[in-house]
1. So what's the convex hull volume per residue for the Cα atoms of segment A:115-227, in Å³?
2. Relative contact order of segment A:94-228, please, whole-number percent, based on alpha carbon pairs below 8 angstrom and at least 6 residues apart.
3. In chain A, if every C-alpha pair distance is counted and binned at 10 Å from zero, what percent goes to each bin?
4. Using θ = phi - 60° and the Karplus relation 6.51 cos²θ - 1.76 cosθ + 1.60, list the HN-Hα couplings for segment A:246-260 in order, rounded to whole Hz, with x at every Gly or Pro.
5. Quick check on chain A: helices-only [θ] at 222 nm, where DSSP H runs of length 4 and up contribute -39,500 (n - 2.57) each and the sum goes over total residues. Nearest 500, please.
6. Around A:ASN312, with a cut-off of 11 angstrom between Cβ atoms, what is the net charge of the other residues, counting Lys and Arg +1 and Asp and Glu -1?
7. Ordered by packing density, taken as the mean number of other Cβ atoms within 10 Å over each peptide's residues, highest first, how do A:103-115, A:722-734 rank?
8. Amide H of A:ALA338 versus every other amide H placed in the peptide plane: which residues, excluding those fewer than 5 positions away on the same chain, fall under 5 Å?
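What follows draws every value from the coordinates through simple rules; no lab data is involved. The structure displayed is predicted, hence computed values, not measured ones. Note: ideal-geometry Cβ built from the backbone for every residue, glycine included; neighbour counts use all protein chains shown.
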Amino acid sequence: MYNFKEVEKKWQEKWYAEGTFNAKNDYSKEKWYGLVEFPYPSGQGLHVGHPRSYTALDIIARKRRMQGYNVLFPIGFDAFGLPAENYAIKNHVHPKITTEKNINHFREQLKALGFSFDWSREVNTTDPNYYKWTQWIFIQLYKHGLAYKATMPINFCTGCKVGLANEEVVNGVCERCGSPVVQKEKSQWMLKITEYAQRLIDDLDDVNFLDKIKAQQINWIGRSEGAEVNFKISGTDDNLLIYTTRPDTIFGATYMVIAPEHELIKKYKDRITNIDEVEEYKKKAALKSDFERAELNKEKTGVEIKGIKAINPLTNKEIPIWISDYVLITYGTGAIMAVPAHDTRDFEFAKKFNLPIVPVIIEKPKDYDNNRESLELLEKEIDAKFAYCFGDDQKRNMSEPFTDVNNGIAVNSDFLDGLESKDAINKVIEYIEEHKIGKRTVNYKLRDWVFSRQRYWGEPIPMVYCEKCGWVPVPEEELPLRLPEIDDYEPGENGESPLAKQEEWINTTCPHCGGKARRETDTMPQWAGSSWYYLRYMDAHNDKALASKEALEYWSPIDWYNGGMEHTTLHLLYSRFWHKFLYDIGVVPTKEPYAKRTSHGMILGSNGEKMSKSKGNVINPDDIVEEFGADAFRVYEMFMGPFDQTASWSMESIRGCMKFLDRVWNMQEFLVDGDKYSEKFEKMMHKAIKKVSSDIEEMKFNTSVATFMTMVNEFYKEKQINKAEFTTFLQLLNPFAPHMTEELYQKIGGTEELAYKAWPTYDETKTIEDEIEIPVQIKGKVRATITIKKDEDEEVVKQKAKEAIASQIEGKKIIKEIYVKNKIYNIVIG
RNA sequence: GCAGAUGUGGCGGAACUGGCAGACGCACAGGACUUAAAAUCCUGCGAGGGUUAAACCUCGUGCCGGUUCGAUUCCGGCCAUCUGCACCA
């Protein structure tokens, strides 16, 4: 009987004491750097989701070692963060203590699963020797104008009392605590990620990320092409600048809308006749949470700004200006031209407030070929269809706006008439550029990164404010700027950082002029430490630089990075941004940090729902290791389904995997001598090596495990396995179930460790069967199977096949015969 | 609404560039071993028909249609579920 407890403990102790898996500092060898996302050491301990990702890359890392690479497969802890701080507020335990305790627990758990991590390079983002370099990077960003302080409306979590990045607001509530998020004006440190927006899109071409990851990042960055156009404000020399992606619809712009926060209102306070009403609307809008404002199916609201009007620069008609919260101050210019006939939101608004709807695009007729004649026909059609739009008595009974940019023809639009929408866009941009009323513009949805948190448990932002000199970075030789030890972790009244109460720490001298100055009391967000941790692993103990040039040169880029889809628009994008910056200032040698990025599916509870305490469906990895062992746990997580898809936990299935491992263990009972594969199993061995080797590369671990099971079934049928076969089998299985396979290999007389034994190779010619069974079909339906020799002469096969179905084709006329070599024979009879 | 994915037995899932649908596992059933049970080993297992038993036949990969000698796979159109984003002009 296999005693997994004893065996697993034995090997783990050996591995971690000897540093079996530590990367070598031999830079002459070919390297491979595999990375998994380091965990946040929460109080709950490891989640069963972690081992899914970790086992997968552990398998690849182990295979790479056997293939002779110098492998770096590190781990660490992303240990700054709210839970430790919230725990501190409640229980008055310093986050440092909780964090340390949790890390120790995590380390134990990770070791108990036998991952081949290089523990000598463990990093911890809360270690001053680590965050020294996080702060250093921030200072470089500041020096290069990419970190700046700005007062702006931010997402403010009413629960955590912290400003949040857009990415941290989910459905209008705080991603972490679930409290509503409101808008608040606050002075914040910002990082100019927008400066890198285009490169973050373009350079995706050079990396091997899953398409869905690329798509999601591109989507998030949200590039759109359009134009900015100035609309004159009637009776002034002033303009209202708008952004639109559909400048071709400008002849249909019947009113303007500005965001509630737009400066126009302040500027024309005195001319606006209903200023009270407008101010009232502004106030209401400010009080709404982001969620309320963005809520769908909500009735549009707004107020016409009376006393000022705009002039449509193409029709020269005066049109009203409205204020409404469906226009966002944070996107474009905070103002739009409304074209209700061709925009869903404008349409809804126009309907509600009874504003004119003028169609200027018509769906392209099927046989439209862009000539005069077609156009005249088209115009007649339009006259009939939209006669009501142009009279004084506008009925506005258009049932829905026409918004398809790929399928429209401009009408009722002067010089654009008859053009397809795409051409019309170009032509109108030419026009507005020529007449200096606007220009072609690109916009991104991506916003600059709000980098301040009003929290204690984060990296202090190494900046000092001096009345005379303004913001001055802490001199680099004074880094790390340590977090002061405090007792009171409560945020301040107005959502200030707990550090704001530490007068002694705050008061300092200006590094620039030596006068009195005060420290920044905000800290960095959790994403800071994780934005560059992969660099630190390359040279984890360097105190002169974040990593040495040589180490960076050798180990960059990361060959394979696996992580969760939930980090696609946060961590993954942020770290690409930091990396590109570090590349620009000559710190790192590559443009992109990760050559390849894959992602694992989530593990759900056995009821198919997300694991949560409240649902009572949480599986604790410790219990699983205790009951089934680490190897069975690993094999099961790889077997449970396609790696990139969600899977539900099943206790029955893991039992099956343990049974499989027991069967492997018991194979030693019918072990026989033999230093090469027996004739019986030779083909199977070569095929298996091929299959498992490619499956691992493609992350099709589930079918690898199936292959192992099939092999074991075959060995059981013969009640025989020789030493050569057993050795290869154990090697292939080793990355999946490292403990048992090492033990077994030792038991059958292996002298070296499998961990570095050369990965088995296969002979392609030996994977091909000499005799093949192929189906014989009549009209695509299988009627018989015949056995043929590989590459058998076509005529012979046809003859054989016809014999096999002789009775069924007798007397029938053969219309067609199809033979696909070594695959299938199909006959069509009349 | 936009983007991405998924849909195959009782269940999790296989099926390489179109070529025997259901590998492998779970569950279930039968048998062997055992005083007995568990464990283990062996066998069967999509549905319907057919046969003493086989052979064999029909249907079957979300739905409708198409291309093809042949479609889980390709094309067109739907439906459902999941994930991310979303008043982004």
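1. Numbers: hull volume 24.4 nm³, N = 113.
Per-residue hull volume (Cα only) is 216 Å³.
2. Details: 101 pairs, mean separation 23.7, N = 135.
Across segment A:94-228, relative contact order equals 18 percent.
3. With a bin width of 10 Å, the distribution comes to 2, 10, 16, 17, 16, 15, 12, 8, 3, 1, 0.
4. 10, x, 5, 9, 4, 5, x, 6, 10, 6, 10, 9, 10, 6, x
5. Values: 27 runs with 299 residues, N = 830.
Rounded to the nearest 500, the figure is -11000 deg cm²/dmol.
6. Details: positive: A:LYS232, A:LYS309, A:LYS317; negative: A:GLU318.
Around A:ASN312, the surrounding residues sum to +2.
7. Values: A:103-115: 18.6, A:722-734: 22.0.
The most tightly packed comes first, giving A:722-734, A:103-115.
8. Correct list: A:THR254, A:TYR255, A:MET256, A:VAL257.
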